[in-house]
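Trainee: Structure in structure tokens, see below.
The values are calculated or read from the model by the stated rules, or taken from the named source; none is laboratory data. Being a predicted model, the structure only gives us computed values, none of them experimental. FYI the Cβ positions are ideal-geometry reconstructions off the backbone, even for glycines, and counts take in every protein chain you see.
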């Protein structure tokens, strides 16, 4: 989220001379922790607030989807939910078992604590212990590069990033989920089953400059910025 | 007539040594070749002198160069005198086996192995929060100085220790004070080690990423004071390569600029060293 | 002043201990070795696989980097034509300043796919060792180079006058005399290898397991901290600091071991 807010911040500063928006990065937990401690006025989180975080106030600025990716050379066109569950828990270990080439599957999973992982686990009804991964990655781009470098890999990343990289020529393909294709379009219309809100977190309902900024970030003034980072802007 | 097994050792060593050199050169050429291949078209005067735009995918890296320069500058200004002083102290004023010397040396060695991310978290807690410097170039520079010190101190100390004992004995026999001996005899002789310490320290400082994310921060604006937050080149490369979709080309270009900078710095350092040696009429 | 430098270490240790205190008191040290596995979000904190991962990667890289570094330094001084030697050293100096992210990124995109094709999954102990070697080599080589240059020329001249061949001079005189410098360089390289974070994160696979062969993915203690710190809360966070503390203990153990083997003379032997 940091690059997005960086650009929104710059545009805000241009529109409102005399203001200054400093953006630091470090992950959803840090965003929430720093906001709680008062180190940050606004925190960024790439997920919705949990019930435990009910002392904080969240404002959604964009949507993102999580899609399964495989290498472009892999002939598989779709995987069912149970197949994905089996692949990730290690019950299916060869692509041949799901109709693909005879090759061992390299499972790419996200590191623990990350919101993407939490959402993935929630959707597929798995727990961390169940997953048998061959590679654990941190950021989306690392996941994309790992899958692009291994013709028998499977992973899950932010849809927008995957779409962009695929268009750029990187050999990856997004798989549809429950027959719904994975694209920014389907996330926007809300029919894609696995999506998450990008949230700005404040300690109390925002006031003053904070409020102005958050409203700015939620307005249509920044839709182009959101699109350029491959997220889905809110519908007005 | 040379003994027969000498030829084996002779050719063996030659082969080994050249093979080692080749094994070291190959990845370097491969890596820089890659950087050049992917990054060359994106470099231009505009790139070096303008601000980043569109999360770094467009525009240039001017503020980052300034930020990096300031951070590394602070680091070296702090680390050099402290490093040199400590090294001299360790080498000349404490006996090798004395308790003080051993403990200090052990501590430094352990410090050298502390992961960069812990330095970053420590820097954050100490410089940014406890000392109230906040996310700033100053915090980043000071944290880096902490990281670089052990490396520099040990390298320079080794260099001093390698100077033969009778240099010191002759100096004392001539009635020189310790300070004179250090300044005029030992220091010039330890120049190779000093330079290496600086180069290694500088290299480590420019290469550091994890420590800076938590201390000097992520802001890519042109810094107006040392208390401003500023993004270092290494963090920019990381962000472009790992966080921003489509940031690859500029990541390569930035990396290339960094390598270029290192090259220039090294050449300058060598040149300065040669001038110094020529001035003092020392054998190089 | 020197005490200042040493007290820095105490500061840092103090900080790490402070942050790991919750983990120490609520989780206890034994669980780090006896729990079922590393699932901090589910209160399970066994980290021995990461300790072995760290050690294998570091030791493997030293095995490669130390000979390469020392031999390259010898190359520079005794085998290369002067201009070549100069540029070779410059090249290594540049290598010393390349950010770990660049190494990691390059490793991920260039080294890992061929390894994946040879033996999946690709990100592995092998990739980690190779990249680490590349990263610590400059430190070892440059310090070795500087040590060798400080060997008194009279030694070399006397040896050659006595009829010793180049290789004999190197193996019998140069290397033994510069031994402490070589060891320092190797040691600092090892320290760097143990503490390296970003590059390892990108090429090692980050799977928490004891490696059974070179192609197994591993996770080091440092990569673990980097990977999870940003998203860790409460006990998870303390546990991560605790793992950092353990790493520092490891480094301390290595240091003490190295001290035991060090030369006894304070200065180089008199001529």
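Trainee: Consider the stretch C:84-143. How many of its residues are assigned to a loop (DSSP other than H, G, I, E, B) and at the interface with chain B (Cβ under 9 Å from one of its Cβ atoms)?
Mentor: Matching residues across the stretch C:84-143 total 4.
Trainee: Do we have residue C:55 as surrounded by 15 or more Cβ atoms within 10 Å (Cβ to Cβ), within 26 Å of residue B:124 (Cβ to Cβ) and modelled with pLDDT of 70 or more here?
Mentor: For residue C:55, the condition - surrounded by 15 or more Cβ atoms within 10 Å (Cβ to Cβ), within 26 Å of residue B:124 (Cβ to Cβ) and modelled with pLDDT of 70 or more - is not met.
Trainee: What number of residues in the stretch A:5-22 are under 18 Å from residue A:201 (Cα atoms) and part of a loop (DSSP other than H, G, I, E, B)?
Mentor: 2
Trainee: If residue A:202 passes every condition in (1) in contact with a helix residue (DSSP H, G or I) (Cβ under 8 Å, 6 or more places away or on another chain); (2) surrounded by 18 or more Cβ atoms within 10 Å (Cβ to Cβ); (3) modelled with pLDDT under 85 but one, which one does it miss?
Mentor: Condition not satisfied by residue A:202: (3).
Trainee: While we're here: Confirm whether residue B:263 is surrounded by fewer than 17 Cβ atoms within 10 Å (Cβ to Cβ), at the interface with chain C (Cβ under 8 Å from one of its Cβ atoms), farther than 16 Å from residue B:60 by Cα and free of Cβ contacts under 8 Å to residues at least 40 places away in the same chain.
Mentor: In short, yes.
Trainee: While we're here: On the given criteria, is residue C:170 more than 12 Å from chain A (Cβ to nearest Cβ) and either in contact (Cβ under 8 Å) with a residue 40 or more places away in the chain or farther than 30 Å from residue A:45 by Cβ (or both)?
Mentor: Against the criterion (more than 12 Å from chain A (Cβ to nearest Cβ) and either in contact (Cβ under 8 Å) with a residue 40 or more places away in the chain or farther than 30 Å from residue A:45 by Cβ (or both)), residue C:170 qualifies.
The rows are residues; the columns are (1) part of a helix (DSSP H, G or I); (2) at pLDDT below 85; (3) within 19 Å of residue C:135 (Cα to Cα).
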| position | (1), (2), (3) |
| --- | --- |
| C:200 | yes, no, yes |
| C:215 | no, no, no |
| C:223 | yes, no, yes |
| C:226 | yes, yes, yes |
| C:260 | yes, yes, no |
| C:263 | no, yes, no |
| C:268 | no, yes, no |
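Trainee: Moving on. Please state which one of A:163, A:125, A:168 is at positive phi and in contact with a helix residue (DSSP H, G or I) (Cβ under 9 Å, 6 or more places away or on another chain).
Mentor: A:125
Trainee: Examine the stretch B:161-177 for a residue that is within 30 Å of residue B:257 (Cα to Cα) and either buried (at least 24 other Cβ atoms within 10 Å of the Cβ) or more than 10 Å from chain C (Cβ to nearest Cβ) (or both), and state whether such a residue exists.
Mentor: no
Trainee: Pick out the one residue from A:117, A:56, A:126 that is surrounded by fewer than 22 Cβ atoms within 10 Å (Cβ to Cβ), within 14 Å of chain C (Cβ to nearest Cβ) and under 18 Å from the mean Cα position of the chain (by Cα).
Mentor: Within the list A:117, A:56, A:126, the selection yields A:117.
Trainee: If you check every pair at least six apart or on different chains, which have Cβ atoms under 8 Å apart with a residue in the stretch A:207-236 that is exposed (fewer than 13 other Cβ atoms within 10 Å of the Cβ) first and a residue that is in a helix (DSSP H, G or I) second?
Mentor: These pairs meet every condition: A:235/A:188; A:236/A:220.
Trainee: Residue A:102 passes all but one of (1) assigned to a loop (DSSP other than H, G, I, E, B); (2) in contact (Cβ under 8 Å) with a residue 12 or more places away in the chain; which number fails?
Mentor: For residue A:102, the failing item is (2).
Trainee: Would you confirm whether or not the stretch C:179-191 contains a residue that is within 12 Å of chain A (Cβ to nearest Cβ), at pLDDT 85 or above and either buried (at least 22 other Cβ atoms within 10 Å of the Cβ) or not in a helix (DSSP H, G or I) (or both)?
Mentor: No: the stretch C:179-191 contains no residue that is within 12 Å of chain A (Cβ to nearest Cβ), at pLDDT 85 or above and either buried (at least 22 other Cβ atoms within 10 Å of the Cβ) or not in a helix (DSSP H, G or I) (or both).
Trainee: Going through the stretch C:201-218 one residue at a time, which ones are buried (at least 20 other Cβ atoms within 10 Å of the Cβ) and either more than 22 Å from residue B:119 (Cα to Cα) or more than 10 Å from chain B (Cβ to nearest Cβ) (or both)?
Mentor: C:203, C:204, C:205, C:206, C:207, C:208, C:211, C:216, C:217, C:218
Trainee: Right, next: List the helices (runs of 4 or more DSSP H) inside the stretch A:112-174, counting only whole elements, that have at least 1 residues being at pLDDT 85 or above and closer than 22 Å to residue A:50 by Cα.
Mentor: A:115-124
Trainee: Still on this model: Being farther than 28 Å from residue C:229 by Cα and within 13 Å of the chain's Cα centre (by Cα), is that true of even one residue in the stretch A:156-164?
Mentor: yes
Trainee: Moving on to the next point. For the list (1) within 11 Å of chain C (Cβ to nearest Cβ); (2) in contact (Cβ under 8 Å) with a residue 24 or more places away in the chain; (3) touching a strand residue (DSSP E or B) at 6+ places or on another chain (Cβ under 8 Å); (4) closer than 25 Å to residue C:38 by Cα, I need the number of the one condition that residue A:71 fails.
Mentor: It is condition (4) that residue A:71 fails.
Trainee: Still on this structure: Suppose we filter the stretch A:2-25 for residues that are within 15 Å of the chain's Cα centre (by Cα) and within 12 Å of chain C (Cβ to nearest Cβ); how many remain?
Mentor: Number of matching residues: 1.
Trainee: I've got another one for you. I'm trying to understand the selection: among the residues of the stretch A:211-229, which are more than 13 Å from residue A:44 (Cα to Cα) and touching a strand residue (DSSP E or B) at 6+ places or on another chain (Cβ under 6 Å)?
Mentor: If the condition is that a residue be more than 13 Å from residue A:44 (Cα to Cα) and touching a strand residue (DSSP E or B) at 6+ places or on another chain (Cβ under 6 Å), then A:218, A:223, A:226 are the ones that fit.
Trainee: Find the residue count for the stretch A:34-52, including only residues that are in contact (Cβ under 8 Å) with a residue 24 or more places away in the chain and not in a loop (DSSP other than H, G, I, E, B).
Mentor: Qualifying residue count for the region: 5.
Trainee: Taking the condition modelled with pLDDT of 80 or more, more than 11 Å from chain C (Cβ to nearest Cβ), part of a helix (DSSP H, G or I) and farther than 29 Å from residue A:231 by Cβ, does residue B:225 pass?
Mentor: no
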